[in-house]
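Chemist: Can you read through this structure? Questions will come right after.
Please treat every number below as a calculation from the coordinates, not as lab data. Just so it is clear, the model here is predicted, and its values are computed rather than measured. Using ideal geometry, Cβ is built from the backbone for each residue, glycine included, and neighbour counts are taken over all protein chains shown.
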Amino acid sequence: RTTDYAGNESAVPTDTEITNNADPGGANGSAYSFIFDNTAPNSLVTSPARYINAVPSPMRVSGTSVEAFPTQEPSGVNQMYLRYKSSDGLYYNMFNQTWTGGSGLSPDSWDGGSANWAFGGFAENAFVDGFQYTVNSQARDAALNFENAYTTYTFIVDRSTPVSKSTFPV
């Protein structure tokens with residue numbers, strides 16, 4: 001509501017006018033409703049499997065993201081920040097598709113209407129046999145709330161065939 005220096009006040013909008021974002025009582029202003037979202041979202045990496053013997057082509061890292069209180073009409077998650085680290089201490093650079101020393105989380109965007117996300121863009125031989133890979137994810141919603149701490153997911157590429165040997169009986 002507004003009041004001018006002469007003491008004139010704008011009309012009080014009714015609940016219906018607020019619900020419909022309508023012009024209250026014919027005044028020159030509009031009622032406008034909005035939702036205040038100050039709660040951080042959460043993310044989880046769910047793929048690839050913890051142990052893989054063949055890297056799929058194309059390789060995709062996927063997961064889920066949710067708002068903390070989805071029934072309260074939050075703004076919706078619309079961006080994931082991801083970081084990929086190999087067991088030799090290098091980080092994957094999505095732009096030049098190489099393992100380098102940089103360690104920042106890189107933003108990936110998608111339509112925030114879905115809680116599921118998946119990203120590819122890896123070079124064909126990016127994931128090497130015998131290495132452990134760590135993926136960090138951090139969600140951001142449309143109200144610019146960031147997940148409080150990134151989540152961590154680890155998988156191992158193992159293309160080596162196990163060997164067995166009988167030791168008993170002699």
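Chemist: Take the Cβ-Cβ distance between Asp88 and Ala118 as r, set R0 to 30 Å, and report the resulting FRET efficiency rounded to the nearest 0.05.
Modeler: On the way: r = 26 Å, r/R0 = 0.85.
The pair Asp88/Ala118 has a calculated efficiency of 0.70.
Chemist: Picking from Gln132, Ser43, Ala118, whose Cα lies most toward the positive end of the charge dipole for the chain (charges on Cβ: Lys, Arg +1; Asp, Glu -1)?
Modeler: Gln132
Chemist: Treat every Asp and Glu Cβ in the chain as -1 and every Lys and Arg Cβ as +1, leave all other atoms uncharged, and give the resulting dipole magnitude about the Cα centre to the nearest 20 debye.
Modeler: 1140 debye
Chemist: Which residues' amide hydrogens lie under 5 Å from the amide hydrogen of Met94, considering only partners 5 or more residues apart or on another chain, with H built in the peptide plane?
Modeler: Long-range HN contacts for Met94: none found.
Chemist: Work out from phi, with θ = phi - 60° and the Karplus expression 6.51 cos²θ - 1.76 cosθ + 1.60, the ³J(HN,Hα) of each residue of region 96-104, listed in order in whole Hz, and give x for Gly and Pro.
Modeler: 3J(HN,Hα) across region 96-104, in whole Hz: 9, 6, 9, 8, 9, x, x, 10, x.
Chemist: If each Cα of the chain is one equal point scatterer, what is log10 of I(q)/I(0) from the Debye formula at q = 0.09, 0.11 Å⁻¹?
Modeler: For the chain, the Cα-only Debye profile gives -0.50, -0.62.
Chemist: Taking +1 at the Cβ of each Lys and Arg and -1 at the Cβ of each Asp and Glu, which of Ala142, Val12, Ser65 sits farthest along the dipole of the chain towards its positive end, judged by Cα position relative to the Cα centre?
Modeler: Projecting each Cα onto the dipole axis, the largest value belongs to Ser65.
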